[in-house]
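Heads up: the structure comes next, in structure tokens.
What follows is calculated from the coordinates using simple rules that are stated; it is not laboratory data. Note that the structure is a prediction, hence the values are computed from the model and not measured. Cβ atoms come from the backbone with ideal geometry, glycine included; neighbour counts cover every protein chain shown.
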Amino acid sequence: MKQHAKRKKIRLATAWLGGCSGCHMSLLDLDERLVDLFQAADLVYSPIADIKTFPEEVDVTLVEGAVANVDHLELAQQIRERSTIVVSFGDCAVTGNVTSLRNRLKVDDLLTKVYQEGPGKAPRGLEEDRIIPALIPKVLPLHQVIEVDAYVPGCPPEPDAIWEAVNALLHGAPVRLKQEMRYFG
């Protein structure tokens, strides 16, 4: 991978769309390999860091979760515009997985089930006041919204698979996961 002349480290980002954060937990399970990772990369955006705006000129972005609402859609588009390499990170990003189970219901039916028939009352002014972002009609895997350069499947991906993929990307090599690393079980 080409690096910008002024900087020595790769600019790495991670993002969390519609999912459970299990992929980020597996990333943290790299344990001592995180030291090696951050010797080669600067974390410039992540839900595990207090950074509010997705930055420009990101080399590699790992995206966890499916695209389920307008905020996810907007962030996915920013990520693609501002990242050299985008990685679909985990089964929700790769296939829609559990997040896409809501596709069996129409958005209005889903909101009725959750907020009117559910255990509590609907918050007032949901979409008008941007308390929650508007849902898109169907949950989509990342590659149906933006171009994706690599895939790291798993629910969540095994730390060894994450390491193998990230290490390859940081060194400009293609991501080739061993078959036995693709899924748990």
Task: Phi-based couplings in Hz for the stretch 41-51 (Karplus 6.51, -1.76, 1.60; Gly and Pro marked x) - done: 9, 9, 7, 9, 6, 4, x, 8, 10, 8, 10
Open item on the list: Cβ neighbours within 10 Å, averaged per peptide: list 156-162, 58-64 in order, most packed at the top.
Closed with: 58-64, 156-162
Task: Shape category assigned to the stretch 3-77 from the gyration tensor of Cα positions, a/c cut at 1.5 - done: oblate
TODO: Identify the residues of the stretch 32-69 with backbone N under 18 Å of a label point that sits 7 angstrom from the Cα of Val114 along the Cα-to-Cβ direction, or state none.
DONE: 65-69
- [ ] Only loop residues by DSSP count here, and only those with at most 10 other Cβ atoms within 10 Å; note down the trypsin sites (Lys or Arg not before Pro) in the stretch 1-78 that meet that.
- [x] Lys2, Lys6, Lys8, Lys52
Open item on the list: Ranking request for peptides 102-108, 73-79: highest mean number of other beta-carbon atoms within 10 Å first, then the rest in descending order.
Closed with: 73-79, 102-108
Open item on the list: Can you compute the modelled spin-label distance between Ile136 and Met25, with each label point 7 Å from Cα toward Cβ, in nm?
Closed with: 2.6
